[in-house]
Structures are given as C-alpha cells and as structure tokens.
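Beneath this line is the structure, given in structure tokens, with notes to follow.
The values are calculated or read from the model by the stated rules, or taken from the named source; none is laboratory data. Please read all numbers here as calculations on a predicted model, not as lab measurements. Here Cβ is always computed from backbone atoms with ideal geometry, including for glycine, and neighbour counts include all displayed protein chains.
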Amino acid sequence: MSLGALRGPIAQIIGQFGEPATLRRTTSHYDIDQGSTVTTKVDHPMKVVPWAFEDRLVDGSAVLATDTRFILPALDIDPAPGHTGSNDTQVHDTLIVGGTQYMLHRVKPYRANGVSLGWEVHARR
C-alpha cells in the first residue's frame with residue numbers, strides 16, 4: 001500500500017473519533033468600486049483530533065500552556081496561519097472547536113508522493 005492510499009483511512013479515523021470543528025477562512029480585499037474593504041467568510045465543517053503539547057515543549061513563548069495541536073483531515077484548501085496573501089488580498093484562517101476559536105499559529109502538512117494525507121495544526125486561543 002502506498003502512503004497516498006492512507007488518505008481515505010486517515011480521514012475515516014478522524015471522522016469516527018474526532019470532534020466536530022469548523023475551519024473558517026476569512027478573505028479581505030479592497031474593492032475600488034465600493035471604496036471599502038470587503039470581507040468574506042467561508043466555513044469548512046470537519047472533524048479534528050485534539051492533541052496536547054507535551055509539558056517539556058511548553059516554553060511560554062513558542063508554545064503556550066493554552067496552545068493545542070489538532071490533526072485535520074486532508075482538505076480541499078490548505079490551512080493558512082496568520083495573515084497571508086498578496087498586498088491587496090489577505091487570508092486568515094481560524095479553527096473553531098467546541099465553541100472556542102483558535103488562531104492557526106503553525107501548520108504542518110502530512111504528504112506522501114504529492115498527496116495530502118492531513119494536517120497538524122498548532123493553534124492558539
């Protein structure tokens with residue numbers, strides 16, 4: 001079995017054992033015709049698996065005691081930490097789990113042979 005063949009089983013495991021969540025993509029750009037910034041929010045429902053940081057990794061700077069890691073299934077979009085995009089378009093993703101909104105701090109893809117298997121997300125409240 002190739003690693004790319006794991007995409008389906010990984011999604012099934014996350015779907016079966018994960019918690020309901022929403023990845024919210026917020027895109028903002030300046031619309032010259034309207035003379036103002038236009039913001040669009042698109043929600044991507046999914047299930048995620050929370051995964052706590054080991055105590056030895058919590059340093060109060062790079063990793064806070066309130067930070068959490070989440071394992072996400074492969075998505076149609078790539079999760080983006082912070083603000084990314086071009087000069088005229090900004091993209092900001094947040095993860096909402098159990099009513100708590102998390103900012104994506106770092107994102108690590110799991111890939112095999114060019115196929116996305118899922119994501120590890122370092123999230124901060």
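Only one of (1) at pLDDT 90 or above; (2) surrounded by 11 or more Cβ atoms within 10 Å (Cβ to Cβ); (3) over 19 Å from the mean Cα position of the chain (by Cα); (4) not aromatic (Phe, Trp, Tyr) is not met by residue 48, so which one is it?
(3)
Note down all Cβ pairs under 7 Å where the first residue falls in the range 20-34 and is farther than 19 Å from residue 123 by Cα, the second is not in a strand (DSSP E or B), and they're at least six residues apart or on different chains.
Hits for this filter: 29/88; 30/88.
Which pairs do you get when a residue that is of a type in the set (Asp, Glu), found in the range 53-64, comes within reach of a residue that is surrounded by 11 or more Cβ atoms within 10 Å (Cβ to Cβ), reach meaning Cβ atoms under 6 angstrom, with the pair 6+ apart or on two chains?
As it stands, the answer is none, since no pair meets every condition given.
Which residues, counting only those in the range 56-75, are within 14 Å of residue 124 (Cβ to Cβ) and not aliphatic (A, V, I, L, M)?
59, 60, 61, 66, 67, 68, 69, 70, listed by residue number.
Among what's in the range 1-45 and is among the aliphatic types (A, V, I, L, M) and within 23 Å of residue 94 (Cα to Cα), pick the residue that is modelled with the lowest pLDDT.
Per the criteria, the residue is 10.
Report whether or not residue 77 is modelled with pLDDT of 95 or more and of a type outside the set (S, T, N, Q).
no
For the condition at positive phi and at pLDDT 95 or above, what is the one hit in 99, 118, 85?
99
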